[in-house]
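Data block below; observations after.
The values are calculated or read from the model by the stated rules, or taken from the named source; none is laboratory data. Computed from a predicted model, the values in this text were never measured in an experiment. Neighbour counts are summed over all protein chains in view; Cβ atoms, including those assigned to glycine, are modelled from backbone coordinates with ideal geometry.
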Amino acid sequence: MTGSERIKTPQGIFLGAAALLRGGWALLAAGCALLPLPAAASGKGDPARGETLFKACKSCHQVGANARNGVGPHLDGLFGRQAGVLEGFKYSSAMKTLGEEGLLWNAFTLDAYLEKPRAYVPGTRMSYLGMRKIQDRTDVIAYLKALSQEAPASDPQADTQTRAEIGAAAMGLEGDPEYGEYLSSECVTCHQMSGRADGIPSIVGWPSQAFIRVLFEYKTNIRSHQVMQNMTTNLGNEEIAALAAYFGSLDPQ
Amino acid sequence: MPNISRRTFGLMMGAGASTLAMPYYARAQGKPRAVVIGGGAGGATAARYMAKDAGEDLDVTLIEANPQYITCFFSNLYLGGYRSLASITHGYDKLASNYGITVVNAFADTVDREAREVVMADGARVPYDRLIVAPGIDLIYDSVPGYSEEAAGIMPHAWKAGPQTKLLKSRLDAIENGQQVVMVAPPNPYRCPPGPYERVSMMAHLFKEKGYDDCKIVIIDPKPKFSKQGLFTEGWEKYYPGMIEWYGPDVHGGIASVDPQTGEVETDLDTFKGDLVNVIPAQKAGMIAASAGLANDSGFCPIDPASMRSQIDENIFVIGDASIAGDMPKSGFSANSQAKVAAMAIRGELTGSKVFPAKYSNTCWSLIETNDGVKVGAQYAPAADKIASTSSFISQTGEDDALRQATYEESVGWYKGITTDIFGA
């Protein structure tokens, strides 16, 4: 059994204790005193192995010197950071609320979140399903801890333009949000407009360059997913740019 | 007053769409009125999109006989014990409160097309400028000799979710080891092509979970092949060896009759006796399609592939299972997709908003056994004579467990997504 399973409703603890313990650290100390620490919190991770595992996270999260926000928030300065506070990133209201109620990121909370993101923060936009093995989580957290002390980019909310390898034509286009709104009706049959991710990733509020890149990766079969590959077959540059402009303009709820 | 700019035809023409050129129409007094008959996956979506996108410019009314809607999609998962009935039951309150739709909870009998009024069962009339007809299917009970609406109380069809689904579930739960279930599968075209075979998978799952080692499920099929056949057959051999038998017409030779009193299904080959018989008869468009004169000899309604407009009445659109949608299957996903095209066309005509080229899509997920989901889907575009498939995909046999689990989890996400898209948030 792991820590997160013992804490059946982490948000409940935050909610219940929030009035007494506005300081997140004090709250976590209380939580830790009641429950044995998971292995991840004891710090015996292998950062090198964590770096390899982190490749699965990299398409959304940047970390290290000059990291910027992408589909997910950058992870520099993550340790000790209050949840949901990076300027320029569109968080779910669930994440923002938990941050305001005292959720801070550290080895303990990251371990619980990474194990089952949607159980730990119901309503999170992160579509990652979870990392089951405790050693994997421990190693990734060790890697993040080592790297997250680097300074973020001076303008972390800037688009991830420099990382775009393909779809350059669409990237240069100014998308028509009105056209995008019409086209979006095909997407929202599965992807919720609210930005919630219940088994299908959230696509609301992404930086437009990241949105375009991902659609091109499906269109060119670099990314494998039957529905998305099929959906993007008939999308031209103008349509992809329009969708990126529209979904990028929305705020998750 | 609505914006009285001219309609934008350019984009539709650019797509080669053959739209009926109609004058911009607005009522001399008051807002233009869009009325929708049927609050299922097609009708409720259309009402919501028209109300959401037109705001104050359009008066939207949704007519639906039932106070709540139980989705046919995922009702097999209720039979299999994966979902509660409550979790697939939806109300219309958000459509009324959050989108300003007038929800009329009553039965529509027919349409006075001359007067452009829906005639309700109690004689009341609901006037419209544009009407969307989305009644789903009606069952042709006598397509299976011996079957009738009354017989459905003994041999449930459960092909319209509701009391029939509950009846089938209670009958399934009462099956004991050693007993036999017979399904009479429907002929094409019918609602939810993979549905009967997903249902059989769910029945088998129930029996297997109870440790039954001597139950049989026999499918008597009027079709020589069926949707996702390779995937289902592979799954049945893997999870339920020896439990499921499928007979196509070349084996059984034809379904002669069913007898609700004895539980027998007579075919040219043999008589099959079921302790439970699930008869899914042939289908046609919901009753109002015929009473309003919108259906052709096929029992379904011909439409313009570029807009879902009825070929019979230019002020009426038919969407969902009741329409003849070319290559698109009759599914909740298809109906939801068609609804958006029709809603856009009507909004364009009544409020002058921009009309973009029609695009359609569909995906059907099916569950074979716990965490083993498969899917089939396609994109569609209007062609001259029908809605035509432009690209498609299907799950492959031999896929690994992780992919099948991801497909199942995706279907759960889709359910949440599409029901939010239909009934609002």
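Remarks
For every residue, the table says whether it meets (1) surrounded by 18 or more Cβ atoms within 10 Å (Cβ to Cβ); (2) under 20 Å from the mean Cα position of the chain (by Cα).
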site	(1), (2)
B:Glu117	no, no
B:Ile140	no, yes
B:Ala161	yes, yes
B:Asn177	no, no
B:Gly195	yes, yes
B:Met203	yes, no
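- Residue count, the stretch B:238-252 (criterion: under 29 Å from the mean Cα position of the chain (by Cα) and without any contact (Cβ under 8 Å) to a residue 24 or more places away in the chain): 0
- When A:Gln209, A:Gln229 are checked against the criterion of being farther than 21 Å from A:His61 by Cα and assigned by TED's automatic domain parsing to the domain that holds A:Gly175, a single residue qualifies: A:Gln229.
- Residue in the stretch B:343-354 that is surrounded by fewer than 22 Cβ atoms within 10 Å (Cβ to Cβ), farther than 23 Å from A:Gln229 by Cα, in contact (Cβ under 8 Å) with a residue 24 or more places away in the chain and more than 12 Å from chain A (Cβ to nearest Cβ) present: yes
- Residue in the stretch B:54-88 that is surrounded by the most Cβ atoms within 10 Å (Cβ to Cβ), counting only those that are within 18 Å of B:Phe207 (Cα to Cα) and of a type outside the set (Gly, Ala, Ser): B:Asn76
- Taken over the stretch A:176-190, the criterion of being in contact with a helix residue (DSSP H, G or I) (Cβ under 6 Å, 6 or more places away or on another chain) and of a type outside the set (Ser, Thr, Tyr) is satisfied by A:Asp176, A:Pro177, A:Gly180, A:Glu181, A:Leu183, A:Val188, A:Cys190.
- The lone exception for A:Ala242 - which of (1) buried (at least 22 other Cβ atoms within 10 Å of the Cβ); (2) modelled with pLDDT under 90; (3) within 14 Å of another protein chain (Cβ to nearest Cβ); (4) in a helix (DSSP H, G or I) it fails: (2)
- Checked against (1) polar (S, T, N, Q); (2) in a loop (DSSP other than H, G, I, E, B); (3) in contact (Cβ under 8 Å) with a residue 24 or more places away in the chain, B:Thr110 passes all but condition (2).
Residue by residue, here is whether (1) closer than 30 Å to B:Gln396 by Cα; (2) surrounded by fewer than 19 Cβ atoms within 10 Å (Cβ to Cβ); (3) of a type in the set (Asp, Glu); (4) within 12 Å of chain B (Cβ to nearest Cβ) holds:
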site	(1), (2), (3), (4)
A:Gly180	no, no, no, yes
A:Gln192	yes, no, no, yes
A:Phe216	yes, no, no, no
A:Thr220	yes, yes, no, no
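- Residue in the stretch A:194-214 that is nearest to the other protein chains (Cβ to nearest Cβ), counting only those that are assigned to a helix (DSSP H, G or I) and β-branched (Val, Ile, Thr): A:Val214
- Among the residues making up the stretch B:369-418, those that are facing chain A (nearest Cβ under 10 Å) and in a loop (DSSP other than H, G, I, E, B) are B:Ser395, B:Gln396.
- In the stretch B:1-100, counting only strands (runs of 3 or more DSSP E) that sit wholly within it, the ones holding 1 or more residues that are aliphatic (A, V, I, L, M), touching a Ser or Thr at 6+ places or on another chain (Cβ under 8 Å) and modelled with pLDDT of 95 or more span B:33-37, B:59-63, B:68-70.
- A:Ala56 closer than 20 Å to A:Val140 by Cβ, at pLDDT 75 or above, touching a His at 6+ places or on another chain (Cβ under 7 Å) and assigned by TED's automatic domain parsing to the domain that holds A:Arg132: no
- Inclusion of B:Gln283 among residues that are surrounded by fewer than 18 Cβ atoms within 10 Å (Cβ to Cβ) and not small (Gly, Ala, Ser) is not warranted.
- Filter pass, B:Glu314 being within 13 Å of B:Val184 (Cα to Cα) and of a type in the set (Asp, Glu): no
- Being crowded, with 21+ Cβ neighbours inside 10 Å, within 12 Å of chain A (Cβ to nearest Cβ) and part of a loop (DSSP other than H, G, I, E, B) is a description that does not apply to B:Ser337.
- Scanning the stretch A:222-238 for residues that are surrounded by fewer than 21 Cβ atoms within 10 Å (Cβ to Cβ) and assigned to a helix (DSSP H, G or I) turns up A:Gln226, A:Val227, A:Met228, A:Gln229, A:Asn230, A:Thr233, A:Asn237, A:Glu238.
- Of the listed requirements (1) crowded, with 21+ Cβ neighbours inside 10 Å; (2) farther than 30 Å from B:Asp129 by Cβ, B:Ser391 misses just one: (1).
- Of the residues B:Ser353, B:Ser334, the single one that is modelled with pLDDT of 95 or more and over 20 Å from B:Gln229 (Cα atoms) is B:Ser334.
- Matching residues, the stretch A:59-115, being farther than 19 Å from A:Tyr143 by Cβ and basic (Lys, Arg): A:Lys90, A:Lys96
- Pair list, Cβ under 6 Å, 6 or more apart: the stretch A:127-148 residue charged (D, E, K, R), other residue not in a helix (DSSP H, G or I): A:Arg137/A:Met131; A:Asp139/A:Gly45; A:Asp139/A:Asp46; A:Lys145/A:Phe79
- Hits in the stretch B:223-246 (condition: surrounded by 18 or more Cβ atoms within 10 Å (Cβ to Cβ) and under 16 Å from B:Val184 (Cα atoms)): B:Phe226, B:Ser227, B:Ile244, B:Trp246
- B:Phe423 being facing another protein chain (nearest Cβ under 9 Å) and either under 29 Å from B:Pro241 (Cβ atoms) or surrounded by 20 or more Cβ atoms within 10 Å (Cβ to Cβ) (or both): no
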